[in-house]
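One structure, as structure tokens, below. Some questions next.
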Amino acid sequence: MSAPVVTARNLGKAIGRKAILHDITVEVQPGSVVGIIGKNGAGKSTLMDVLLGFSPASSGSSHVFGHDSFTLPGEVRGRIGFVPQQDELVSMLNGRQHVDMTAALLGRWNRELTDRLQRAWGLPMDRHVQKLSGGERQKLSILLALGHEPDLLVLDEPVAALDPIARRQFLQELLLIAGSPGRTVLFSTHIVSDLERVADQIWMVREGTVVWAGPLDELKESVVRLSITARQRLPADLPVPGVVSASVQGHRANAVVSGWNEAALPGLRETLDADVEVELLSLEDLFVELHS
Amino acid sequence: MHDSPTLRIFTLQPSSGIPIYRQLIDQVRRLVASGQLAPGTELPSVREVAAEYTVNPTTISKAYSLLEGEGLLQRNRGKPMTIAGGRQKSGSLPQRLRQVEAQVDALVLAARQLDLSSPDLCDFIAKKMGEES
């Protein structure tokens, strides 16, 4: 396996006495698309800020391309593209001026790419940012983060203001990047169905720490809902390993279990003397179940 | 680039609980078992499927690799993958039935909860499949 693009070891962040992040250990492999999900205030944005070195860690360490996040050399910064949740556009400048400035600043720029995106996304480049809609501002921010073809693209809630068509166009662009060897994407969104399309890795952030990190497929296959119909009354405390939540009523029960293994099914049917139906959960249901 | 004629043969639902790569594997298996994908049929490329359905290319190539491992698909240098020919024919009846077992289990559970009899259910299935019962 090649060297990870981003690593965090026991990463923590406190502001004053308040711990925002604690004990986060994660890795991002080159070529992956990592989707970050978590409730509002779970710490997703702070995590991205600290990983990219916009704000220092209070404990532990984090690295990008092998360099300490907080002291990234300029040439490493140049390999990163970032779309913040609140855009950093200048209201008195138009889109074209933003592109020219960013291109001059970064020294390399793929004009063909940004011209194509601007046409495909119907972005008015001669209009002052102040006159742009929320969705247009977001498109411009994304375009500015893509133009220098970064090896690592980090996006914090990039699609919140986009309509479904624009979101789909953006996702397709993201997939083109995902299909190019060695390019890596890290992004957070509340639109879980988007993550299911484009992410191959999921980080679930809860109360300042990453409670689950791994392949999306693995997550879907390991957390399932069981519908149990027994011949006898079922005990309130179900003898099923890995129960996250359960409701038992007489002969029937529903249980969400984590760490599920299909091979355990025949044994479970026998132990419970019951029909056991396994239902795989959508990421949205998984998210809700794991937060209940 | 022209689209492969088989590009729209799949139905992929990213929001389903079933991982996309497993949906694709199940569908290829079924279509091969029934003979609807005959040996030698070209499959759309990973890129084409990923773009058509707006899904991560990694998940498509994972499915293709697993199917290749099973001997169901054949990788051809510089050309589209094809349905493998030769030894495997369309599956036997028990083999094909096993591939709908999970769905039937779910159906049986729902039918029991609704207190439907087996003949009623069979009639209904036959009607849905367009056969005279």
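The values are calculated or read from the model by the stated rules, or taken from the named source; none is laboratory data. Bear in mind that the values here come from a model prediction, so they are computed numbers and not experimental data. Heads up, the Cβs are rebuilt from the backbone with ideal geometry, glycines too, and the neighbour counts pull from every protein chain shown.
Only one residue in A:V185, A:V129 is touching a Leu at 6+ places or on another chain (Cβ under 7 Å) and within 12 Å of another protein chain (Cβ to nearest Cβ), so which one is that? Give the derivation first.
Values: A:V129 fails: within 12 Å of another protein chain (Cβ to nearest Cβ).
Among A:V185, A:V129, only A:V185 is touching a Leu at 6+ places or on another chain (Cβ under 7 Å) and within 12 Å of another protein chain (Cβ to nearest Cβ).
Further question: If you go through region A:117-136 one residue at a time, do you hit one that is within 22 Å of A:P30 (Cα to Cα), in contact with a strand residue (DSSP E or B) (Cβ under 6 Å, 6 or more places away or on another chain) and in the same structural domain as A:L11 (by TED's automatic domain parsing)? Write out each step before concluding.
Filtering region A:117-136 for residues within 22 Å of A:P30 (Cα to Cα) gives none.
No, every residue in region A:117-136 fails to be within 22 Å of A:P30 (Cα to Cα), in contact with a strand residue (DSSP E or B) (Cβ under 6 Å, 6 or more places away or on another chain) and in the same structural domain as A:L11 (by TED's automatic domain parsing).
Would you confirm whether any residue within region A:197-212 is touching a residue at least 40 places away in the same chain (Cβ under 8 Å), more than 9 Å from chain B (Cβ to nearest Cβ) and farther than 30 Å from A:H22 by Cβ? Outline the logic, then answer.
First, the residues of region A:197-212 that are touching a residue at least 40 places away in the same chain (Cβ under 8 Å): A:198-212.
Cutting the leftovers down to more than 9 Å from chain B (Cβ to nearest Cβ) gives us A:201-212.
The next check asks that each one be farther than 30 Å from A:H22 by Cβ; those that pass are none.
Looking through region A:197-212, none of the residues is touching a residue at least 40 places away in the same chain (Cβ under 8 Å), more than 9 Å from chain B (Cβ to nearest Cβ) and farther than 30 Å from A:H22 by Cβ.
For region A:181-234, give me the residue count where each residue is assigned to a helix (DSSP H, G or I) and of a type in the set (S, T, Y).
Number satisfying all stated conditions: 2.
Determine if region B:103-115 includes at least one residue that is away from chain A (no Cβ under 14 Å), in a loop (DSSP other than H, G, I, E, B) and either exposed (fewer than 12 other Cβ atoms within 10 Å of the Cβ) or aliphatic (A, V, I, L, M) (or both). Outline the logic, then answer.
To start, the set of residues in region B:103-115 that are away from chain A (no Cβ under 14 Å) comprises none.
The answer is no; no qualifying residue exists.
Against the conditions (1) outside any helix (DSSP H, G or I); (2) at the interface with chain B (Cβ under 10 Å from one of its Cβ atoms), where does A:E149 fall short? Just the number, please.
(2)
Among the residues of region A:229-260, count how many are of a type in the set (V, I, T), surrounded by fewer than 18 Cβ atoms within 10 Å (Cβ to Cβ) and within 14 Å of chain B (Cβ to nearest Cβ).
So in region A:229-260, the residues of a type in the set (V, I, T) come out as A:229, A:240, A:243-244, A:248, A:256-257.
After this cut, where a residue has to be surrounded by fewer than 18 Cβ atoms within 10 Å (Cβ to Cβ) as well, the list is A:229, A:243-244, A:248.
Filter once more, keeping what is within 14 Å of chain B (Cβ to nearest Cβ): A:229.
Matching residues across region A:229-260 total 1.
I would also like to ask the following. Give the residue, chosen from B:L24, B:L7, B:L31, that is in contact with a Phe, Trp or Tyr (Cβ under 8 Å, 6 or more places away or on another chain) and surrounded by 15 or more Cβ atoms within 10 Å (Cβ to Cβ).
Numbers: B:L7 fails: in contact with a Phe, Trp or Tyr (Cβ under 8 Å, 6 or more places away or on another chain); B:L31 fails: in contact with a Phe, Trp or Tyr (Cβ under 8 Å, 6 or more places away or on another chain).
The conditions single out B:L24.
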